[in-house]
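Each reported figure results from applying straightforward, stated rules to the coordinates on display, with no laboratory input. Note that the structure is a prediction, hence the values are computed from the model and not measured. Positions of Cβ are backbone-derived with ideal geometry, glycine not excepted, and every protein chain shown enters the neighbour counts.
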Number of protein chains: 2
Amino acid sequence: MAAKGQAGGRPRDSRVDRKILETTRELIDEVGYPNLTVDQVAARAGVGKAAIYRRYGSKAEMAFAASVHGQQLPPVADTGSLHGDLLALARTFHVRLSAPATRHLGPALVNELATNPDLVTRFQNTFLAAEQADFAEVIERAVDRGELAGPVDPVMAHVLVAGALSAAIHVLRLPVDDAMVADLAAAATAGLTALAMQHHAGQE
Amino acid sequence: MAAKGQAGGRPRDSRVDRKILETTRELIDEVGYPNLTVDQVAARAGVGKAAIYRRYGSKAEMAFAASVHGQQLPPVADTGSLHGDLLALARTFHVRLSAPATRHLGPALVNELATNPDLVTRFQNTFLAAEQADFAEVIERAVDRGELAGPVDPVMAHVLVAGALSAAIHVLRLPVDDAMVADLAAAATAGLTALAMQHHAGQE
């Protein structure tokens, strides 16, 4: 997630930014997310608490930025088929959402989003927008190849793959293995193919 | 969710049970979930706090039992098609997950599940099991009608419909309208049909 009040997601002081995020990651590894405090991060990073709260609204947002958003997502695989591309994306989300830090942080962030509309806006405009753009790319390639009858909403594709996975892992707390990830990708492929046909019927 | 320590989900003192749940619902309406306290419920219901904590592990579990689990779900509609049945289920979940109380409570419960394995067990064995049974019924009817090539996992069906909706509403905080619910039901229908074909290929 972009830091609070940054124009276009560009950091104003990237050294401080980096230090805060590195220190947060270190402390999550050492003490775990539930025990992490903003005070600890400020003290070890050698910055004031105000510097942290200028960037992040809360401990959850700071930790989310450090451990999830801070990871560079791999570029979207171009496998040559919609099913292959969605399976690759589903596997990336599976790894990301199952990571030990995310298993505490994801739910904490969900809880904060419920009471913090500003955080929802930042979360949607930066983090979710980037994820949805990956699905838009996959859909565009499938339309170009003629696999889809026309474009479908990348938001729906994201909900069917990343949303369903995040619900399975963080809400329903199901054991999710690669067979389930593969089934989800296969179901999403068939589902998006059907929606494209339905939405673009008679336009050929 | 069944009360803590109750055998088979049967209340030991249904008058006290009912009073706690009614009072919780009243207070959620009056003060909202974030301001609700177990103390308030105990005082107004005329029961000890211990009586509440024997039944529920926390405020979130008590409120969830009162406002979500306490609602009798309508019987699963038998519309004559897999798509119709899944659309009816998706609309029921949409109403339930979008209710004002659930918008706060759902995320609070998600956060508690992350740190409370006992709550996860109760949540899965009672609440989720009942929801998954509804999907099992819908799948069985579709197999009987010959719409599905064979049974598919009701857990996957539940993830594709209820999971995706709960992620869209509570995690991604998207505006979800009936058009999106209908698209989700159509995508889930095509997805489950494809999974049934894949899993039962060559068994005809």
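Among the residues in the range A:176-198, are any touching a Pro at 6+ places or on another chain (Cβ under 9 Å) and either among the acidic types (Asp, Glu) or over 30 Å from B:Pro117 (Cα atoms) (or both)?
There is at least one residue in the range A:176-198 that is touching a Pro at 6+ places or on another chain (Cβ under 9 Å) and either among the acidic types (Asp, Glu) or over 30 Å from B:Pro117 (Cα atoms) (or both).
Enumerate the pairs (first residue in the range A:160-177 and within 17 Å of A:Ala101 (Cα to Cα); second residue anywhere and of a type in the set (A, V, I, L, M) and in a loop (DSSP other than H, G, I, E, B)) with beta-carbon separation below 8 Å, excluding pairs fewer than 6 apart on the same chain, so at least 6 apart or on different chains.
A:Leu165/A:Val176; A:Ala168/A:Leu174; A:Ala168/A:Val176; A:Ile169/A:Val176; A:His170/B:Ala114
Counting only residues that are of a type in the set (Lys, Arg) and closer than 19 Å to A:His94 by Cβ, how many does the range A:104-137 have?
0
Given the conditions (1) of a type outside the set (D, E, K, R); (2) buried (at least 16 other Cβ atoms within 10 Å of the Cβ); (3) closer than 26 Å to A:Ile28 by Cα; (4) without any contact (Cβ under 8 Å) to a residue 60 or more places away in the chain, which single one is not true for A:Ala99?
Looking at each condition in turn, A:Ala99 falls short on (2).
In the range B:10-58, how many residues are among the basic types (Lys, Arg), in contact (Cβ under 8 Å) with a residue 40 or more places away in the chain and in contact with an Asp or Glu (Cβ under 9 Å, 6 or more places away or on another chain)?
1
Here is a list of conditions, (1) within 26 Å of A:Ala186 (Cα to Cα); (2) over 15 Å from the mean Cα position of the chain (by Cα); (3) within 14 Å of chain A (Cβ to nearest Cβ); (4) not charged (D, E, K, R), and B:Gly84 meets all of them except one; can you say which number that is?
Of (1) within 26 Å of A:Ala186 (Cα to Cα); (2) over 15 Å from the mean Cα position of the chain (by Cα); (3) within 14 Å of chain A (Cβ to nearest Cβ); (4) not charged (D, E, K, R), only one is false for B:Gly84: (3).
Of the residues B:Gly146, B:Gly163, which single one is more than 20 Å from the chain's Cα centre (by Cα) and of a type outside the set (A, V, I, L, M, F, W, C)?
Going through B:Gly146, B:Gly163 in turn, just one is more than 20 Å from the chain's Cα centre (by Cα) and of a type outside the set (A, V, I, L, M, F, W, C): B:Gly146.
Of everything in the range B:166-204 that's over 25 Å from A:Val110 (Cα atoms) and polar (S, T, N, Q), which residue is surrounded by the fewest Cβ atoms within 10 Å (Cβ to Cβ)?
Only one residue tops the list, namely B:Gln203.
Please pick out the residue among A:Pro154, A:Pro117 that is in contact with a Phe, Trp or Tyr (Cβ under 9 Å, 6 or more places away or on another chain) and more than 8 Å from every other protein chain (Cβ to nearest Cβ).
Result of the check over A:Pro154, A:Pro117: A:Pro154.
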